[in-house]
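The numbers here are math on the coordinates, done by the rules we state, and not lab data. This is a predicted model, so every value here is computed, not measured. Methodologically, a virtual Cβ is constructed for each residue, glycine included, from the backbone with ideal geometry; neighbour enumeration extends over all protein chains shown.
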Amino acid sequence: MNLSAPHVLLIIGGGIAAYKCLDLIRRLRECGIAVRCVMTEAASQFITPLSVGALSADHVFTDLFDRQDEQDVGHIRLAREADVIVVAPATADLMAKCANGLANDLASAVLLAARAPVLMAPAMNPAMWSNPATRRNRETLARDGIRFVGPNSGEMAESGEAGEGRMAEPLEIVAAVETMLKPADQPLAGKRIVMTSGPTHEPLDPVRYIANRSSGKQGHAIAAALAKLGADVRLISGPVNIPDPAGVTVIHVETARQMKAAVEAELPADAGIFVAAVADWRPANEGAEKIKKVAGDGPPPLAMVENPDILATIGHHAKRPGLVIGFAAETENLAKNAAAKLKKKGADLIVANDVSHDSGIGTQGVMGGDRNLVRIVSMDGVDEWPELSKAEVAARLAALVAKRLTQ
C-alpha cells in the first residue's frame, strides 16, 4: 500500500449491491486513493475476497478472531490507519449495529473503534429503507456525525421492485470521499452550517397533504457546494425525489413542525441557511381516516392554522447562528417584499427568487427546473445576479458564505 496516499478503509456489507464495490475500488485507486477492505461474512456470499484483494492490491480482512490479523489488535489498527471509512453497501443490519454500538464482528468492531470520518452508502429493499427502525437508526447515525451518500431511487436488482434503496453509484461515492478528505484550501473547514431544503408535507388525512412546489434541487446544490468548501453541513430535508448531496449529513422530515425541531436540535451553528419551501399553514385537524367524498354534500370545510416560522424562529433565537440566510419566492415587488422579510425575520441576507411569469423562468422553472434567477437582499442594498444554473447559484452563494464567515 502507498503510505503517502490518502487511505480509505472500505467495509463491504452483505447485499447484492456489493458487486458495485469492485468498480468502487477501481475508481478510488484511479484517484490516487489507497484502499484497504473489510468484508462481512454475508458480503462473501456475493463477491469473493480474492476479487476484492486483486483490485485493492492489499490483504482483505474478514474475521474478528483471525489469529494472524488480530495479534496486534488488528481491528483497532484498521480503524486508526484510515483517513476515511466507507461502508458500502451499508445494509440495514450494519446500520443497526453501528447505531446501537454493537461490535460482534470485524466490521462493527472497526466502526465502534473509528475516529476517522465515516461515510455510509445505504442499500436495501425499499420496504426495509422506509421501515421506522431503519429511519431511527439513520437519524441516530447522522446525529453521531456519520455522513451518507444515497440511497437512490430505481429498480432493485434482487426483487424487480422499484423505490428508494439503490446504493449510490461508485462515482457518487468517490465524489463524497474526495469531499471528506478535505483539501487544505477549503475556507469553510471547521464551520458548522445548518440548512433546510425541499417542501414540507402537511397531512389532511392518511393519503392527502398540502405542500409547496419545491424539488429541493437548489437547497441540495447549496449544501453540496458548502461541503466542497469544507463545511460540516447538516441538511434538514423535506420529502424530495433527488439523492442526498455528497458529503452532507441529511436529516429527513415531513412536516414544518418536524423541520423546526430538527433545525433547533442542530444548534449551535456558524450559519443557518433556510431554503425550504415551508408550508405557511396546516390543517387544524388531521383526519385519522381518509376523508370520503359524499355525493351531493360538496367539499368538507377546511380549517387551517399557521405553521411555525422557522426562519423567524432562528433569526431571533437565543442560539442564533452568526449568519442567517433566508429564501423568498416572490411573484411581484420582489426587492420590496424581500427587504421587508429581511427585517421581520431577523436575517442577514434574503435570497429572493423571481418566480413571476415575466422573469422568463416562472414558478415551474424555479421550483423543479435547473435554473434560477435571484437577487441577494441585505441591509446594504440589492445585488442582482443574472439567470444561472442552480449549481452556479449554489457555488456563488457558498463563496459568499465563506467570505462572510472568514472576514
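Apply the Karplus curve 6.51 cos²θ - 1.76 cosθ + 1.60, θ = phi - 60°, to the phi angles in segment 310-325 and return the couplings in whole Hz, x for Gly and Pro.
In residue order, the calculated couplings are 5, 4, 5, 4, 6, x, 10, 7, 4, 9, 4, x, x, 10, 10, 10 Hz.
What ³J(HN,Hα) values, in whole Hz, does the Karplus curve 6.51 cos²θ - 1.76 cosθ + 1.60 give for segment 187-194 when θ = phi - 60°, with x put for Gly and Pro?
For segment 187-194, the Karplus curve yields x, 9, 4, x, 9, 9, 10, 9 Hz.
Please compute the modelled spin-label separation between ARG404 and THR140, points set 7 Å along Cα→Cβ, answer in nm with one decimal.
Result for the modelled spin labels: 3.6 nm.
Tell me the relative contact order for the chain as a rounded percent, counting alpha carbon contacts under 8 Å between residues six or more apart.
Relative contact order comes out at 11 percent.
Would you please give the residues with an amide H less than 5 Å from that of ALA328, counting only those at least 5 places away or on a separate chain, with H modeled from the backbone geometry?
Those qualifying (amide H under 5 Å, at least 5 residues apart or on another chain) are VAL351, ALA352, ASN353.
Using only the Cα atoms of segment 177-287, what do you get for the radius of gyration and for Dmax, in Å?
15.0, 53
Over segment 292-349, what relative contact order in percent results from Cα pairs under 8 Å that are six or more residues apart?
Normalised by residue count, the contact order of segment 292-349 is 38 percent.
Taking amide H atoms as placed 1.01 Å from N in the peptide plane, list the residues 5 or more away in sequence, or in a different chain, whose amide H sits under 5 Å from that of VAL248.
Under 5 Å from the amide H of VAL248: PHE148.
Tell me, what is the percent relative contact order of segment 85-202, built from C-alpha pairs under 8 Å that lie six or more residues apart?
Once normalised by length, the contact order is 23 percent.
Taking the Cβ-Cβ separation of VAL382 and ARG257 as r and a Förster radius of 41 Å, what is the calculated FRET efficiency to the nearest 0.05?
0.80
What length, rounded to one decimal in nm, is gained on full extension from LYS293 through to LYS343, with 0.36 nm per residue of separation minus their alpha-carbon distance?
13.6 nm
Where in the chain are the helices, taken as whole DSSP H runs, whose Cα atoms extend 18 angstrom or more along the long axis and whose Kyte-Doolittle mean reaches at least -0.5?
Span-like helices in the chain: 390-406.
Suppose R0 equals 25 Å; then what is the FRET efficiency for ALA103 and HIS59 from their Cβ-Cβ distance, rounded to the nearest 0.05?
Result of the calculation: an efficiency of 0.75.
Please compute the Kirkwood hydrodynamic radius of the chain from all pairs of different C-alpha atoms, in Å with one decimal.
For the chain, the Kirkwood estimate is 22.7 Å.
Determine ³J(HN,Hα), in whole Hz, for all residues of segment 371-382 in sequence, where each value follows from phi through the Karplus function 6.51 cos²θ - 1.76 cosθ + 1.60 and θ = phi - 60°; x replaces Gly and Pro.
Karplus values, whole Hz, x for Gly and Pro: 10, 8, 10, 10, 10, 9, 9, 9, 5, 7, x, 10.
Please state the charge dipole magnitude for segment 1-181, taken about the Cα centre, from unit charges on C-beta atoms (+1 on K and R, -1 on D and E), reported in debye and rounded to the nearest 20.
Here segment 1-181 has a charge dipole of around 380 debye.
In nm, what is the difference between 0.36 nm times the number of residues separating SER130 and ARG396 and their Cα-Cα distance?
92.3 nm
Give me the extension gain from ARG80 to ALA318: residue separation times 0.36 nm, minus the current Cα-Cα distance, reported in nm with one decimal.
Gain on extension, ARG80 to ALA318, equals 81.9 nm.
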